[in-house]
Every structure is written in C-alpha cells, then in structure tokens.
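S.K.: Got a structure for you, questions after.
The values are calculated or read from the model by the stated rules, or taken from the named source; none is laboratory data. Only a predicted model underlies this, so the values are computations on that prediction, with no experimental measurement involved. Note that we place each Cβ from the backbone using ideal geometry, even for glycine, and neighbour counts take in every protein chain shown.
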Amino acid sequence: MRLAYDDEIRLKDAALQRFWSANLKGGQLAPLVRSPLGRAYRTITKRKTYQSKTGTVLGLIDPSRDGADRSFQVIRCAIEPDDHAKVYVKIQESLAKPYGWTLGEHLNYVIVKGNYEEFAVIFNVSSLLPPVVHAANTLSKSLTHTFKNVTGVFLYEDDSDGRYYLGARNTRMRQSVRKLYGKGELSQRVAERSFLFSPLSFSQVNLSLVPAIVEKAGALLQLSKESKLFDLYCGYGLFSLCLAEQSRAVVGVELSHQSVQSAIANAKRQRVSNARFIRSEITGESLLSLLQNAVPDDVAILDPPRNGTAPGVIEEIAEHRLHRILHLFCNIDLMPGELDRWKRAGYAMETAIPFDMFPGTADVEVMVLLKPS
C-alpha cells in the first residue's frame, strides 16, 4: 500500500510476464489492463469476528502463512471505500454495548456489499434465535439512522461453521437469508444496464473494471446472429444479458437458486427475450445434455469459482468443438493445469488478457481465448 498505483502496475505486469514464461507455453499474453480505481475499489468487504477478553472483535484474517486463524486489527484498508470502514467502526462500538453481546456470541462475519453509492450490511450468524434477531434489529436501526447509504440489512444463517463468509455446507440447498431493513436486493449498473441481485449472489469485487471485461469478452467471442452463447457459472446474468443482443440466443447456467432467480428477473426487466437461465451444477455429466444441440458456430464463456472447473467440464465442452471459448481465471495458479486439460482435449490458447481486478494484492484475473487446434 506504500506503492503508487502506477508503480504497482509496472511491477505486477513484469512479475506476471515472468510467471507466464516459466509456467505457460504458447499464446500471446497482453499487457496488464489497469483498474480505473487503484485503491478504494472493493464493492464487497468483510470482517471476521474473534472472541477476546474484552468481547467480540472485528478484524481481517491475519495474512501470515503459518495456517493459524488470527485477527489482524485494522481500522481502514486502502483497497476498501472509506464508508465501509466507518460502518465497521460503528458495528464494533455496538458489539461492546450490552444489547450487542448476544449478537456477538453468534456472529461469524460482517459483510458490506453493493456498489459505490449504496450498499447492504449482512450479518453472518450461527443462529436465528429470537434474541439474536432482536439484537441485530437494534443494531440495524442504529446503522441505518447513521448511514443513509446503507440501503439494506440482512441476517444470513451460516451452516458452514464460519469457514466461508457467505458459504454453505451443502451448496445444493437453498441458503437462508432474512431481511431486517430496506431493499431486498442489491444493485449494480454495467454497460448501461441495471442489474438487481440477491445479497447471496456472486458479484465481482471491483465494479470499476467490470465494463472493460464485458466489452473485451464480446470482442474476443466475435458473436453473431448465427451463434448461441453458453454462459457457464452465469451468476445474476452479467455476461448473458450484456452480450445477448449480439447473439442468436443465450443459455446461462448457475447452481445458486438466488442467482438464477435474479438472472431471470433481470432479463424480464431489461426485456431480453433470447436468454434463458438454468439452475444446475456444472459437471461433465450435466453438460452432456446441455450441449447436445450445440453446433460449431456456438461459443461459450466460463467464469468458474476460485477452485476451478470440476473434472470432465473442460473435456465435455471440447467434445462439441465450439469455435471460440473464453475461460476466465481468478486464480492464476490453476492456469497451467486447466490449460493443459484444454490442450489435451484439442484446444489451443490464442491470446490471454490479464486484468488488475484486485489492486493492492498479488492476484489478477486472466481472460483466455481458446480455439480448436
């Protein structure tokens, strides 16, 4: 954080080029695309709770590499908006008051999520017992009275023992979220389109860079009225709906109940009639039926979670010989293995574009265009 962003971009781009030369062969790596916001860019932030002698403490997870889960005390993080820090300070003060003790005992995480103008606060709790809900309601009233840009407050019941800030032990089950105040959905605007989505839906952490990623995806896919777009891990419909006008049809696939519902509702509001959304786990077996009518003119985009694609996914897509495929990586350490799977399945990397989606960290997002060998 002591670096100027221009210096950070230069150093990160050089490191990425060295990584590429050492670990990946073939394909052209473009220069790192800078983020419009180099600091204070995150539209999703979180604090984990820790129990101390003085009560419940909010903190970041200690960045040390020894595997221990310890609190890292910080008031403001430079990659987070100032308003988020103010919200965390207010919550920390409230947890020290008698009414906040009950909530603190059951609180796993506090999440702030939204856009750069307004956001929601989500309390990840281990229980929705009446005393917990009552304490959260009291805190909600205090927050929304103090911060007019807090437009929603939610309780999320976590069954994962606090291992994931919005995770679930069984991802196939519908997650439980209770609105305490305000709007029931979050909003973001991309490419002149307005999106509403559930607080539990995946959304990119750096909204300032998303328009450039969507635009570049459309350019690389070279969509036409003869091509169908398969949008795998489609979330609330970002790529599907932004690129639908350029396509004959769009099929979005996503496991999350809430995200699929949001995508369908977004399509209706935006009057996009050639897009449909399917709730399904993305596996080699599920893609067998999904892609049965695919033809070589069709294209696909994959934006999987950080742990990558399931076994058989790449191989099944490759069987259908789609003429262009975009694979997005938010974890570059997976790239050598996943790109080797594409190569063995008959696809070659043509170009790769890295985006500085996560300034101030060692991570980048890389968009890879693949074509049949």
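S.K.: What is the one condition in (1) in contact with a Ser or Thr (Cβ under 9 Å, 6 or more places away or on another chain); (2) surrounded by fewer than 16 Cβ atoms within 10 Å (Cβ to Cβ) that Ser142 does not satisfy?
M.R.: Evaluating Ser142 over (1) in contact with a Ser or Thr (Cβ under 9 Å, 6 or more places away or on another chain); (2) surrounded by fewer than 16 Cβ atoms within 10 Å (Cβ to Cβ) leaves (2) as the failure.
S.K.: Under 8 Å between Cβ atoms, at least 6 apart or on separate chains: pull out the pairs that start in the stretch 72-95 with a residue that is under 11 Å from Leu58 (Cβ atoms) and end on any residue that is acidic (Asp, Glu).
M.R.: Cβ pairs passing all conditions: Phe72/Asp62.
S.K.: Report those helices (runs of 4 or more DSSP H) wholly inside the stretch 202-304 carrying at least 3 residues which are in contact with a Phe, Trp or Tyr (Cβ under 8 Å, 6 or more places away or on another chain) and not assigned by TED's automatic domain parsing to the domain that holds Glu350.
M.R.: The helices (runs of 4 or more DSSP H) meeting that bar number zero.
S.K.: Take the residues in the stretch 280-320 that are of a type in the set (D, E, K, R) and crowded, with 16+ Cβ neighbours inside 10 Å; name whichever of them is nearest to the chain's Cα centre (by Cα).
M.R.: Just the residues of the stretch 280-320 that are of a type in the set (D, E, K, R), to begin with: 281, 285, 297-298, 303, 306, 315-316, 319.
Filter once more, so that each one left must be crowded, with 16+ Cβ neighbours inside 10 Å: 298, 303, 315-316.
Values: Asp298: 26, Asp303: 10, Glu315: 25, Glu316: 25 Å.
Per the criteria, the residue is Asp303.
S.K.: Could you list, ordered by first residue, the pairs with Cβ atoms under 9 Å in which the first is in the stretch 26-42 and on the phi > 0 side of the Ramachandran plot and the second is of a type outside the set (Phe, Trp, Tyr) and assigned to a loop (DSSP other than H, G, I, E, B), at least 6 apart or interchain?
M.R.: Ala40/Ala78; Ala40/Ile79; Ala40/Glu80; Ala40/Pro81
S.K.: Restricting to the stretch 334-363, name every residue that is touching a helix residue (DSSP H, G or I) at 6+ places or on another chain (Cβ under 9 Å), under 21 Å from Pro31 (Cα atoms) and in a helix (DSSP H, G or I).
M.R.: Met335, Pro336, listed by residue number.
S.K.: Also, quick follow-up: Go through Ile122, Ile91 for me and flag whichever is crowded, with 20+ Cβ neighbours inside 10 Å, of a type in the set (Val, Ile, Thr), part of a helix (DSSP H, G or I) and at pLDDT 95 or above.
M.R.: On inspection, the qualifying residue turns out to be Ile91.
So that you can scan it fast, the table gives a plain yes or no per residue for (1) in contact with a helix residue (DSSP H, G or I) (Cβ under 8 Å, 6 or more places away or on another chain); (2) crowded, with 24+ Cβ neighbours inside 10 Å; (3) without any contact (Cβ under 8 Å) to a residue 12 or more places away in the chain; (4) of a type in the set (Lys, Arg):
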position	(1), (2), (3), (4)
Phe239	yes, yes, no, no
Val251	yes, no, no, no
Ile264	no, no, no, no
Lys268	no, no, yes, yes
Arg271	no, no, yes, yes
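S.K.: Which of the residues belonging to the stretch 39-78 are part of a loop (DSSP other than H, G, I, E, B), among the small types (Gly, Ala, Ser) and at pLDDT below 95?
M.R.: Those that are part of a loop (DSSP other than H, G, I, E, B), among the small types (Gly, Ala, Ser) and at pLDDT below 95: Ser64, Gly67, Ala68, Ala78.
S.K.: Output the number of the condition that Glu215 fails; it satisfies all remaining conditions of (1) among the acidic types (Asp, Glu); (2) exposed (fewer than 15 other Cβ atoms within 10 Å of the Cβ); (3) touching a Cys at 6+ places or on another chain (Cβ under 9 Å); (4) in contact (Cβ under 8 Å) with a residue 60 or more places away in the chain.
M.R.: In the conditions (1) among the acidic types (Asp, Glu); (2) exposed (fewer than 15 other Cβ atoms within 10 Å of the Cβ); (3) touching a Cys at 6+ places or on another chain (Cβ under 9 Å); (4) in contact (Cβ under 8 Å) with a residue 60 or more places away in the chain, Glu215 misses (4) alone.
S.K.: For Gly100, only one of the following conditions fails: (1) within 27 Å of Lys179 (Cα to Cα); (2) touching a Phe, Trp or Tyr at 6+ places or on another chain (Cβ under 8 Å); (3) touching a residue at least 40 places away in the same chain (Cβ under 8 Å); (4) small (Gly, Ala, Ser). What is its number?
M.R.: (2)
S.K.: Let me spell it out: the conditions are (1) more than 21 Å from Gly55 (Cβ to Cβ); (2) hydrophobic (A, V, I, L, M, F, W, C); (3) out of contact with any helix residue (DSSP H, G or I) (no Cβ under 9 Å at 6 or more places or on another chain), and Val89 meets all of them except one. Which number is the exception?
M.R.: Val89 satisfies every listed condition except (1).
S.K.: Does Asn108 satisfy the condition of being in the same structural domain as Ala85 (by TED's automatic domain parsing), at pLDDT below 95 and not in a loop (DSSP other than H, G, I, E, B)?
M.R.: Here the answer is yes, as Asn108 does meet what is asked.
S.K.: Name every residue in the stretch 314-373 that is touching a Lys or Arg at 6+ places or on another chain (Cβ under 6 Å) and of a type in the set (S, T, N, Q), in order of residue number.
M.R.: Asn331
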